[in-house]
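Only one structure is covered here, and it is reproduced in the block below.
The values are calculated or read from the model by the stated rules, or taken from the named source; none is laboratory data. Just so it is clear, the structure is predicted and the values come from calculations on it, not from any experiment. Methodologically, a virtual Cβ is constructed for each residue, glycine included, from the backbone with ideal geometry; neighbour enumeration extends over all protein chains shown.
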């Protein structure tokens, strides 16, 4: 499981880096064409919007996998260690269910509905924009399964485990 997680981490980090770098280039080009040539590029604006959506969703999955997301855990921290682990597993199950129902199932439904709509400036199906939702959900679901596996294997709460060291 660690091999898959490490590979997924590298893939998502690379994709997010490429998307962010691409957005910087696109937005810079947009500013140059707007202010210096007085002829804004519609394509760069649309591509930056698409890139932003994909960056946010993939970045959220990546940060979740790194256990770097915001958590309000002052109550959980007062629990005994065993109850902390049970609480964390329960939270992972809830996040898994949310990801499966809302992000994956709902995301694929939205993607299939939007697949017939075309973006006017890019001449691409809008489904490409929505496809980031279920993919992000699938990545988040994997990270939930991995986190439950690690909690069970290490017999420690997640915050006491270095997720980069593997087993």
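Could you tell me whether the range 71-89 includes any residue that is in contact with a helix residue (DSSP H, G or I) (Cβ under 8 Å, 6 or more places away or on another chain), at pLDDT 95 or above, buried (at least 17 other Cβ atoms within 10 Å of the Cβ) and on the phi < 0 side of the Ramachandran plot? No, the range 71-89 contains no residue that is in contact with a helix residue (DSSP H, G or I) (Cβ under 8 Å, 6 or more places away or on another chain), at pLDDT 95 or above, buried (at least 17 other Cβ atoms within 10 Å of the Cβ) and on the phi < 0 side of the Ramachandran plot.
Taking the criterion of being in contact with a helix residue (DSSP H, G or I) (Cβ under 6 Å, 6 or more places away or on another chain) and within 14 Å of residue 57 (Cβ to Cβ), the residues of the range 124-137 that qualify are 129, 130, 131, 132, 133, 134, 136, 137. A single entry from 96, 139, 108 fulfils the requirement of being crowded, with 20+ Cβ neighbours inside 10 Å, at pLDDT 95 or above, at negative phi and part of a helix (DSSP H, G or I): 139. Against the test of being in a helix (DSSP H, G or I), touching a residue at least 60 places away in the same chain (Cβ under 8 Å) and under 13 Å from the mean Cα position of the chain (by Cα), the options 19, 12, 47 yield a single qualifying residue, 12. Among the residues of the range 43-52, those that are surrounded by 17 or more Cβ atoms within 10 Å (Cβ to Cβ) and under 17 Å from residue 127 (Cβ atoms) comprise 46, 47, 50, 51.
Among the residues of the range 22-42, the one identified as buried (at least 16 other Cβ atoms within 10 Å of the Cβ) and either touching a residue at least 60 places away in the same chain (Cβ under 8 Å) or not in a helix (DSSP H, G or I) (or both) is 41.
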